[in-house]
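In what follows, a single structure is set out as structure tokens and then discussed.
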Amino acid sequence: MEAFVRHAGTAAPLRRSNVDTDQIIPAEYLKRITRHGFEDGLFAQWRKDPDFVLNRDEHQGVSILIAGPDFGTGSSREHAVWALQNYGFRVVISSRFADIFRGNSGKGGLLTALVDQSAVERLWDLVEARPDTVVTVDLEHRTITAGDITVDFDVDDYVRWRLMEGLDDIGLTLQHADAITRFESERPEYKPTVV
Amino acid sequence: MGRTLAEKVWDDHVVRRADGEPDLLYIDLHLVHEVTSPQAFDGLRETGRPVRRPDLTLATEDHNIPTIDVDMPIADPISRAQVEALRKNCADFGIRLYSLGNREQGIVHVVGPQLGLTQPGMTVVCGDSHTSTHGAFGALAFGIGTSEVEHVLATQALPLKPFKTMAITVDGELPAGVTAKDIILAVIARIGTGGGQGYVLEYRGSAIRSLSMEGRMTICNMSIEAGARAGMVAPDETTFAYLEGRDHAPRGEEWKRALDYWRTLGTDPDAEFDAEVVIDASTLSPYVTWGTNPGQGLSLSSVVPDPSDAADDVERVAIERALEYMDLVPGTPLREIPIDTVFIGSCTNGRIEDLRAAAEVMKGRTVKDGMRVLVVPGSARVRLQAESEGLDAVFLDAGAEWRGAGCSMCLAMNPDKLAPGERSASTSNRNFEGRQGPGGRTHLVSPAVAAATAVAGHLASPEDLGA
Ligand code: SF4
């Protein structure tokens with residue numbers, strides 16, 4: 001996984017709350033068996049509207065999404081994270097994320113930066129007024145800077161460490177294979193197996 | 001201080017605990033289906049990692065298989081590729097798979113419990129948010145993403161941060177005609193789609209205790225719709241009676257040992273929850289959703305809400321947007337909303353009891369002219385059971401379609417879909433925009449309300465049908 005310490009890029013304001021993963025990527029796109037190419041399904045319904053924020057000229061090439069509260073609710077599909085990443089997003093900023101979506105993001109290397117709704121509103125206003133504003137997300141110092149705005153964001157310590165080190169989660173767990181084997185040797189006999 | 005049910009199950013599965021790190025939790029049962037697993041198996045191949053415990057891993061085909069012509073090759077090439085990938089992956093990695101045509105095939109959350117694989121005190125995961133269903137047995141069961149599917153395949157463990165706990169106490173007697181589905185729709189309408197975020201919900205109280213396992217599964221199933229990771233019900237005699245004798249339930253001495261353990265799992269009297277919600281069961285009535293998230297629900301006797309009554313701007317905009325998508329006018333009685341499609345099925349309400357409830361309403365009646373009614377059993381076993389009880393004949397006589405087992409119109413990955421502008425009453429769990437087909441509109445309801453709606457042609461409860 002690519003290490004993430006700091007990212008600077010332009011941002012798209014998504015002024016919607018409760019964006020569920022069916023909106024991020026509709027089920028019909030989930031049939032693929034690869035891990036790339038999901039950008040075409042990102043916000044598929046909304047992107048049919050020429051006025052949708054990602055369709056506007058001034059928001060091409062964005063890599064940061066500033067979303068409303070309750071982003072990523074609904075289905076646990078990780079494709080939502082891949083779709084955002086495949087499209088080019090490295091960071092989503094919101095005042096509230098759904099748990100599973102946030103977990104999936106951390107694992108996939110997409111940073112979910114949690115800030116107050118008031119900060120979201122200020123960032124929205126700024127990037128709407130000046131779409132070319134470079135937004136800098138500094139994971140090391142947990143700050144977002146854009147224009148004259150500087151806000152701290154929240155991110156889980158462990159996720160932050162892993163993202164900064166670019167560590168593979170499974171490899172980390174396999175370092176504890178002995179502990180897993182020990183645990184298994186003490187599991188009660190009555191626990192079911194599928195065979 | 002005492003511990004809650006969720007905390008006990010958690011503690012009993014900690015493989016490793018270290019300061020500043022998530023707990024490493026052992027996983028007792030890993031369920032797999034075709035949609036969220038291909039990339040996980042690909043990851044294993046890339047890294048040369050085997051599946052650690054194929055004997056604790058079970059796969060079924062459910063999400064995008066057809067429910068008619070099931071003996072034909074799957075027509076949609078992409079669906080077929082996904083199902084074929086699962087078959088190959090299971091063969092390559094030695095995982096048991098219940099394929100289309102097998103008598104144990106079905107929706108993953110229907111199959112686990114009916115085989116007796118889901119038991120109290122277990123940790124159960126699946127790459128599917130409705131894994132919360134299995135919490136009805138007092139298991140800690142939650143949905144995971146594809147990276148986590150790969151993680152569990154490779155290690156049988158998952159690093160996890162502890163959840164908070166919330167008690168949802170539903171006390172008192174349920175009025176006649178009020179079902180588990182109505183309870184959970186009312187709970188979500190009360191706490192909102194984000195209300196459970198970060199929590200494991202424990203459903204308690206006399207109204208919950210009085211429910212069958214099927215009803216408890218319906219409730220736990222939709223915990224995720226309140227934003228929670230999991231929902232649980234403490235195991236009791238109803239749980240044990242359901243489990244005893246099932247294929248994978250312990251037997252003999254082991255059954256006794258298991259029972260001894262299961263009886264210790266209930267929340268201690270002096271345990272504390274991080275949050276608590278209390279609902280008086282006697283105030284509940286059949287619930288339906290009018291909007292585009294499961295929290296936008298109301299009693300069937302209400303009217304479509306008016307955005308101008310909203311508490312704040314965010315809510316007002318949400319209501320306006322939902323009404324626009326749903327093409328509804330504020331003030332319209334919910335009972336007057338015309339419906340053209342009824343879907344009875346899904347992991348929320350596709351079990352035998354749900355089909356019995358629907359059949360009881362449809363028996364001797366016919367569905368409204370022009371109404372499309374799909375009855376889709378949750379598993380091949382449920383289908384066989386229903387047929388042995390003659391329920392298929394009731395549905396067919398009434399003018400409904402009787403299908404093979406699968407997710408079907410719950411998420412419209414197979415050919416069962418709403419056309420743009422069509423409006424369904426559905427016993428599934430999600431009414432998001434386009435969930436049942438692009439442009440389709442969904443009202444979530446119980447099986448009894450779905451069946452009554454099929455007959456009446458508009459949202460209706462069984463009492464509305466008269467004698
Ligand atoms: S029935 Fe619906 S909610 Fe349940 S597993 Fe299938 S698609 Fe998911």
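The values are calculated or read from the model by the stated rules, or taken from the named source; none is laboratory data. Fair warning: this is a prediction, and the values are worked out from it, not measured in the lab. Counting neighbours? That spans all protein chains shown, and the Cβs are built from the backbone with ideal geometry, glycine included. Areas reflect the complete protein model, heavy atoms only, side chains present, ligands, DNA and RNA absent. Shrake-Rupley method; radii C 1.70, N 1.55, O 1.52, S 1.80 Å.
Numbers at a glance
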read-out	value
The range B:115-222 - charge dipole about Cα centre, Lys and Arg +1 at Cβ, Asp and Glu -1, debye rounded to 20	220
Inverse mean reciprocal Cα-Cα distance (Kirkwood Rh) of the protein assembly as shown, Å	25.1
Over chain A: helical MRE at 222 nm, DSSP H runs n ≥ 4 each giving -39500 (n - 2.57), nearest 500	-9000 deg cm²/dmol
Average beta carbon contacts from partner chains per residue of A:19-31, 10 Å cutoff	6
Net charge dipole size for the protein assembly as shown [Lys, Arg +1 and Asp, Glu -1 on Cβ; Debye, nearest 20]	1140
For the range B:64-109, accessible area per residue (1.4 Å probe, heavy atoms of protein chains only), Å²	48
Heavy-atom SASA rank of B:ILE68, B:ILE352 (probe 1.4 Å, accessible area, largest first)	B:ILE68, B:ILE352
Segment B:GLU254-B:SER308, extension gain: residue separation times 0.36 nm, minus the distance between their alpha carbons	13.4 nm
A versus B: buried accessible surface, summed, Å² (probe 1.4 Å, to nearest 100)	5400
Environment charge of A:LYS107, counting only residues whose C-beta is closer than 14 Å and scoring Lys/Arg +1, Asp/Glu -1	-3
Within chain B, helix-based [θ] at 222 nm, where runs of 4 or more DSSP H residues each add -39,500 (n - 2.57), nearest 500	-9000 deg cm²/dmol
Candidates A:ILE100, A:ILE170, A:ILE144, ranked by Gaussian network fluctuation over chain A, Cα under 10 Å, top entry	A:ILE170
At 1.567 mPa s and 4 °C, Stokes diffusion of chain B via Kirkwood alpha-carbon radius, µm² per second	58
Spatially proximal aspartates and glutamates relative to A:LYS191 (Cα-Cα < 20 Å; intrachain offsets below 8 disregarded)	B:GLU7, B:ASP11, B:ASP12, B:ASP28, B:ASP55, B:ASP236, B:GLU237, B:GLU244, B:ASP247, B:GLU253, B:GLU254, B:ASP260
Tally of Lys pairs whose C-alpha atoms are under 24 Å apart, taken over chain B, 8 or more apart or cross-chain	7
Computed magnitude of the charge dipole of chain A (debye, nearest 20; Cβ of K, R +1, Cβ of D, E -1)	400
Rounded accessible area of B:HIS109 (nearest 10 Å², 1.4 Å probe)	0
Listed residues B:ASP464, B:ASP397, A:ASP169 arranged by accessible area, highest first, probe 1.4 Å	B:ASP397, B:ASP464, A:ASP169
Members of the range B:118-151 that become less accessible by 20 Å² or more once partner protein chains are added (1.4 angstrom probe, chain alone as reference)	B:GLN119, B:MET122, B:SER129, B:GLY145, B:THR146, B:SER147, B:GLU148, B:GLU150, B:HIS151
Per-residue mean of C-beta atoms belonging to partner chains within 10 Å, peptide A:94-104	4
Top positive-direction residue, dipole computed over chain B with Cβ charges, set B:SER285, B:PRO250, B:ILE339	B:PRO250
Accessible surface of chain B, 1.4 Å probe, proportion on carbon and sulfur as whole %	49
Positive minus negative residues near A:ASP40 (Lys, Arg vs Asp, Glu; Cβ under 15 Å)	+3
Positive-end residue, the protein assembly as shown charge dipole about Cα centroid, Cβ charges, pick of B:PRO462, B:VAL110, B:LEU411	B:VAL110
Positive-end extreme of charge dipole, the range B:1-154 - chosen from B:THR131, B:VAL149, B:TRP10 (charges on Cβ)	B:TRP10
Net charge of Cβ neighbours under 12 Å - reference B:VAL51; Lys, Arg +1; Asp, Glu -1	+2
